[in-house]
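> Got a structure for you, written out below as structure tokens; questions coming shortly.
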Amino acid sequence: MARRPTLTATWDRFVASDPGLLRLMAGVRTVAAIGLALAVLALLGTDVTHMVAGAMAAMVATFAIREKTVRGQAVTLALGLPTALAAMTLGALLHSLVVVGDAFFVALIFGAVYCRRFGDRGTALGLIGFQVYFVSLFVNASVDQLPLLFGTLAIAFACSAVARFALVPQTPQRVLGGLRDAFRARLAQLVDAQTLLLDAAPEDLDDVLDDLRRHTARLHESALMIQGHLEDGARDDAAAALIQRRVADAEVAAERLGMLLLTARSAERADTLTLHLPGAPVPATGKLLRTEDESTATLRRDLGALRLMVARPAEANRGTAVAHVRNRLLGYRDEEAIPPGSTLAVQDVFRGIGEAARAVLGLRLALDGPQDESDDSPATTRSREEFDAEDVSLTSTEKDESEAEDPSGLDRPTTRAAFQVAVGSALAIVGGEFLSSQRWYWAVLTCWVVFLNTASTGEIVVKGYRRLLGTVLGVLAGVALAGAVGQHTWVAFVLVLVCVFAMFFTAPLSYALMSFFVTAMLGLLYTLLNTYSLDVLVLRIEETALGAACGIIAAMLVLPVRTDRRTDELLATVLERLGEVVAGAVEQLSGGPAVDLLDKARDLDTALEDLRASVQPLTHPITPLRERRQTARYLVALLETSAYHARSLAATAELVPYSKRIGADPRLARAAQRIDHNIAVLVAHVNETDTTGRVESGASITAMLETDGLGMPAANTVTFRVLRHLQRLDENITGLARPLDVPVGPRV
């Protein structure tokens with residue numbers, strides 16, 4: 001019993017590190033498919049060469065399929081077998097026809113990439129066709145071997161099906177459930193990091209803030225992953241909308257609590273940018289919080305209570321302990337229940353804890369269903385009634401189903417990538433033949449993979465660099481493993497399975513690390529095929545470097561997409577989405593009609609995620625332009641901060657139609673006019689449609705409201721909080737003007 005809390009905490013950390021256990025399940029499922037295929041082939045007395053082919057085919061059949069529904073996975077797997085048989089047949093038939101075989105390989109690569117336009121199924125079938133043709137080259141398939149190879153492929157696909165649907169099943173509902181658990185675990189970790197902020201010494205504040213930024217970003221990542229699986233994983237649209245709203249509320253409340261704590265630790269109100277910009281200066285620390293202070297001790301206690309609410313499973317909530325904690329924290333939503341604090345900033349933290357507790361209660365109701373209400377306090381009962389009113393509104397809000405028109409022709413990303421990778425592969429074949437007439441295909445494989453999930457020349461350069469780095473380190477590991485294995489065939493197969501698991505478990509974390517395990521595995525496979533030598537692994541490095549170079553050359557010369565152009569397009573999209581969220585939220589806060597703001601906010605988050613991936617080449621350590629790297633980081637941090645404020649506005653605006661605490665204020669529409677104008681000016685400058693406009697500056701948002709004679713709302717009201725968000729948005733959007741070279745000046 002003494003070890004149970006430790007094991008539980010360890011498991012919670014693992015769940016938080018692997019949301020939905022997607023990486024773990026991918027690795028286990030692939031290893032299970034390969035292990036099962038090897039066992040069946042061994043029982044049938046298959047030779048080592050065909051066992052290697054079966055293992056590689058089982059791996060491809062398992063990892064290529066990414067569809068979310070079980071039915072979709074089954075259909076794609078069924079179509080994948082004839083695709084694999086055709087690819088193996090063509091590989092064997094063209095084995096001795098060098099020129100024709102190379103030309104077909106290039107055509108196959110073009111088709112495999114072009115098929116991505118047809119979604120997950122087209123992507124999977126194209127990948128299976130390419131990889132199985134590659135397997136035929138790897139094992140030197142010939143026509144007389146085809147019957148045995150056909151049987152090997154059939155066994156491999158059957159074992160993949162058993163692993164996928166029986167041994168390690170993955171359903172949309174199970175994935176969504178895992179992602180929800182990960183969100184709660186990451187929320188608990190964020191509360192832990194916020195608690196450390198209370199007692200951190202000034203010299204430790206940099207490290208504590210780094211942890212706070214990391215956990216805040218990881219919570220946001222989990223929220224995005226849940227959003228991506230709601231459509232298939234939730235029981236219906238109403239349940240999906242409910243979970244989406246509760247997750248958004250919890251995320252906004254948690255991030256706001258972090259800002260309030262940081263403000264309480266500072267001599268002045270903390271800038272939101274501090275939570276989003278790596279290396280941002282630490283706010284000036286005042287003597288506002290002392291470990292011996294009574295209010296600090298109360299804050300520490302209440303943060304621990306909030307964490308208990310987050311992490312405690314619903315089935316473990318029997319008794320009055322959690323109910324007592326919940327009732328006390330929800331009571332902080334009433335001014336008279338807030339404990340006396342040494343400063344107004346500390347009292348704001350207590351209010352933030354109350355709002356976070358409300359969000360956690362809503363999250364519990366959405367994820368775990370109805371709960372015992374016998375111990376509810378009046379504050380808790382009121383919160384439940386508010387949730388009931390919000391739930392009713394979900395059925396009356398119409399979703400915006402409009403979709404942007406997809407590009408066509410050579411502007412379509414899949415078509416452009418198909419031409420690029422075909423040209424790069426042709427160059428890799430020619431160059432690879434000069435290096436080795438037998439293993440030239442390694443250069444082609446590298447050229448192929450550097451184009452996967454990339455959209456600009458800069459992304460391809462970074463991916464090629466990472467693959468080369470992982471390959472060099474993997475060769476060193478392969479030498480050591482091959483020497484240790486010797487002639488022990490089954491030891492080599494076990495180590496291959498270990499490498500396969502590590503490949504899939506580390507793939508989303510580090511492409512270089514995944515490439516390391518791929519190369520280490522290849523060293524073991526060459527050992528099994530009795531073709532291992534140090535020269536072979538050195539050749540692997542040379543072919544990898546050649547393939548990466550050919551991919552980069554093709555990306556630069558064939559229908560190139562410059563990193564600057566790509567990031568500008570995505571930056572304009574982010575700004576447009578930001579403008580839509582802010583405009584919709586302000587309209588609703590001003591008394592306008594209800595719209596689905598959370599969907600708009602998630603569209604903003606998705607666009608920002610795309611931008612963040614696109615600027616990686618500009619922020620990567622190998623980038624020589626340090627000033628440009630700092631500018632890119634600053635831009636992304638400003639946009640992340642703006643997105644947080646937009647999400648907060650959206651979450652607040654959705655409460656207006658049915659809340660008794662939040663009333664519409666028509667003045668907000670006038671206060672936000674400058675924000676709308678400035679966003680439009682920035683978009684026009686980025687798109688180069690109008691570079692004559694200027695970003696307006698002037699009196700603060702709050703000062704604009706003071707001039708109408710109605711006075712400012714009280715500091716503890718929701719309206720005042722809305723104004724704070726608008727003020728920060730105004731400052732951030734004005735701050736974007738400088739790095740984008742947009743003129744700033746007063747309104748004329």
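> So is F118 of a type in the set (A, V, I, L, M, F, W, C) and either within 28 Å of Y526 (Cα to Cα) or in contact (Cβ under 8 Å) with a residue 24 or more places away in the chain (or both) or not?
So F118 does not fit the description; no.
> Moving on. Go over the candidates A188, A154, A161 one by one and state the one that is at pLDDT below 95 and of a type outside the set (F, W, Y).
A188
> On to the next question. Being open to solvent by less than 30 Å² (accessible area, probe 1.4 Å) and in contact with a Phe, Trp or Tyr (Cβ under 6 Å, 6 or more places away or on another chain) is true for just one of A61, A32, A57, A53. Which residue is that?
Checking each option against the conditions leaves just A61.
Residues are listed down the side, and each one gets a yes or a no for (1) of a type in the set (F, W, Y); (2) outside any helix (DSSP H, G or I); (3) surrounded by 23 or more Cβ atoms within 10 Å (Cβ to Cβ):
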{"position": "A428", "(1), (2), (3)": "no, no, yes"}
{"position": "F434", "(1), (2), (3)": "yes, no, no"}
{"position": "R439", "(1), (2), (3)": "no, yes, no"}
{"position": "C447", "(1), (2), (3)": "no, no, yes"}
{"position": "E459", "(1), (2), (3)": "no, no, yes"}
{"position": "G464", "(1), (2), (3)": "no, no, yes"}
{"position": "T471", "(1), (2), (3)": "no, no, yes"}
{"position": "G474", "(1), (2), (3)": "no, no, yes"}
{"position": "G483", "(1), (2), (3)": "no, no, no"}
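> Here is a further query. Given the criteria closer than 22 Å to L137 by Cα and over 21 Å from the mean Cα position of the chain (by Cα), does V518 qualify?
yes
> If you don't mind, another one. In the list A185, A201, which residue meets the criterion of being over 18 Å from the mean Cα position of the chain (by Cα) and among the hydrophobic types (A, V, I, L, M, F, W, C)?
A201 is the lone residue from the list that is over 18 Å from the mean Cα position of the chain (by Cα) and among the hydrophobic types (A, V, I, L, M, F, W, C).
> Follow-up. Is at least one residue of the range 4-12 open to solvent by 50 Å² or more (accessible area, probe 1.4 Å), within 28 Å of G177 (Cα to Cα) and acidic (D, E)?
Yes, there is a match, as at least one residue in the range 4-12 is open to solvent by 50 Å² or more (accessible area, probe 1.4 Å), within 28 Å of G177 (Cα to Cα) and acidic (D, E).
> Against the condition over 29 Å from the mean Cα position of the chain (by Cα), surrounded by fewer than 20 Cβ atoms within 10 Å (Cβ to Cβ) and within 20 Å of L97 (Cα to Cα), how does L108 come out, does it pass?
Against the criterion (over 29 Å from the mean Cα position of the chain (by Cα), surrounded by fewer than 20 Cβ atoms within 10 Å (Cβ to Cβ) and within 20 Å of L97 (Cα to Cα)), L108 does not qualify.
> Condition test on E640, is it crowded, with 18+ Cβ neighbours inside 10 Å and modelled with pLDDT of 85 or more?
When the stated conditions are applied, E640 passes them.
> Of the residues R382, R364, R351, which single one is open to solvent by less than 30 Å² (accessible area, probe 1.4 Å) and of a type in the set (K, R)?
R364 is the lone residue from the list that is open to solvent by less than 30 Å² (accessible area, probe 1.4 Å) and of a type in the set (K, R).
> Quick check: is even one residue across the range 135-146 modelled with pLDDT of 90 or more, within 30 Å of A16 (Cβ to Cβ) and open to solvent by 50 Å² or more (accessible area, probe 1.4 Å)?
No, that holds for no residue.
> Out of curiosity, is D181 touching a residue at least 60 places away in the same chain (Cβ under 8 Å), on the phi < 0 side of the Ramachandran plot, part of a helix (DSSP H, G or I) and of a type in the set (D, E)?
yes
> When you go through A669, A650 one by one, which is the residue that is at pLDDT below 85, in a helix (DSSP H, G or I), open to solvent by less than 60 Å² (accessible area, probe 1.4 Å) and among the small types (G, A, S)?
A669
> Pairs under 8 Å by beta carbon, first residue under 14 Å from G432 (Cβ atoms) in the range 541-560, partner of a type in the set (V, I, T) and open to solvent by 40 Å² or more (accessible area, probe 1.4 Å), six or more apart or different chains?
Within 8 Å, the pairs are I541/V472.
> Which members of the range 253-283 meet the condition of being among the hydrophobic types (A, V, I, L, M, F, W, C), at pLDDT below 80 and assigned to a helix (DSSP H, G or I)?
Residues satisfying the conditions are L273, L275.
> Hey, another quick one. Would you call L618 at pLDDT 90 or above, in contact with a helix residue (DSSP H, G or I) (Cβ under 8 Å, 6 or more places away or on another chain), assigned to a helix (DSSP H, G or I) and not hydroxyl-bearing (S, T, Y)?
When the stated conditions are applied, L618 does not pass them.
> Check the range 224-244 and report whether any residue there is at pLDDT below 85, of a type outside the set (A, V, I, L, M) and not in a helix (DSSP H, G or I).
Checking the range 224-244: at least one residue is at pLDDT below 85, of a type outside the set (A, V, I, L, M) and not in a helix (DSSP H, G or I).
> At pLDDT below 90, small (G, A, S) and either open to solvent by less than 10 Å² (accessible area, probe 1.4 Å) or outside any helix (DSSP H, G or I) (or both), is that true of A250?
Answer is no for this residue.
> Among (1) open to solvent by 60 Å² or more (accessible area, probe 1.4 Å); (2) assigned to a helix (DSSP H, G or I); (3) polar (S, T, N, Q), where does N530 come up short?
With respect to (1) open to solvent by 60 Å² or more (accessible area, probe 1.4 Å); (2) assigned to a helix (DSSP H, G or I); (3) polar (S, T, N, Q), N530 is out only on (2).
> All but one of (1) assigned to a helix (DSSP H, G or I); (2) at pLDDT below 75 hold for V656, so report the exception by its number.
Here V656 meets the rest and fails (1).
> Answer yes or no as to whether V498 is surrounded by fewer than 19 Cβ atoms within 10 Å (Cβ to Cβ) and either in contact (Cβ under 8 Å) with a residue 40 or more places away in the chain or out of contact with any Leu (no Cβ under 9 Å at 6 or more places or on another chain) (or both).
yes
> Next question. If you check V475 against the conditions, is it within 26 Å of the chain's Cα centre (by Cα) and touching a residue at least 40 places away in the same chain (Cβ under 8 Å)?
no
> Across the range 91-105, which residue is most open to solvent (accessible area, probe 1.4 Å) among those that are within 24 Å of A554 (Cβ to Cβ) and either part of a loop (DSSP other than H, G, I, E, B) or among the aliphatic types (A, V, I, L, M) (or both)?
V99
> Continuing with the same structure: Give me the pairs: first residue in the range 380-393 and closer than 16 Å to G354 by Cα, second residue modelled with pLDDT under 75 and surrounded by 17 or more Cβ atoms within 10 Å (Cβ to Cβ), beta-carbon distance under 9 Å, and six or more apart or on different chains, which are they?
Final answer for the pair search is E386/L655.
> Just checking, does the range 248-262 include any residue being among the basic types (K, R) and more than 20 Å from L277 (Cα to Cα)?
no
> Are any residues in the range 575-611 outside any helix (DSSP H, G or I) and of a type in the set (S, T, N, Q), and if so, which ones?
Answer for the range 575-611, where residues must be outside any helix (DSSP H, G or I) and of a type in the set (S, T, N, Q): just S590.
The values are calculated or read from the model by the stated rules, or taken from the named source; none is laboratory data. Bear in mind the structure is a predicted one, so any value in this text is a computation, not a measurement. Note that each Cβ is placed from the backbone with ideal geometry, even for glycine, and that neighbours are counted across all protein chains shown. These area figures cover heavy atoms from the full protein model, side chains too; ligands, DNA and RNA do not enter into them. Shrake-Rupley method; radii C 1.70, N 1.55, O 1.52, S 1.80 Å.
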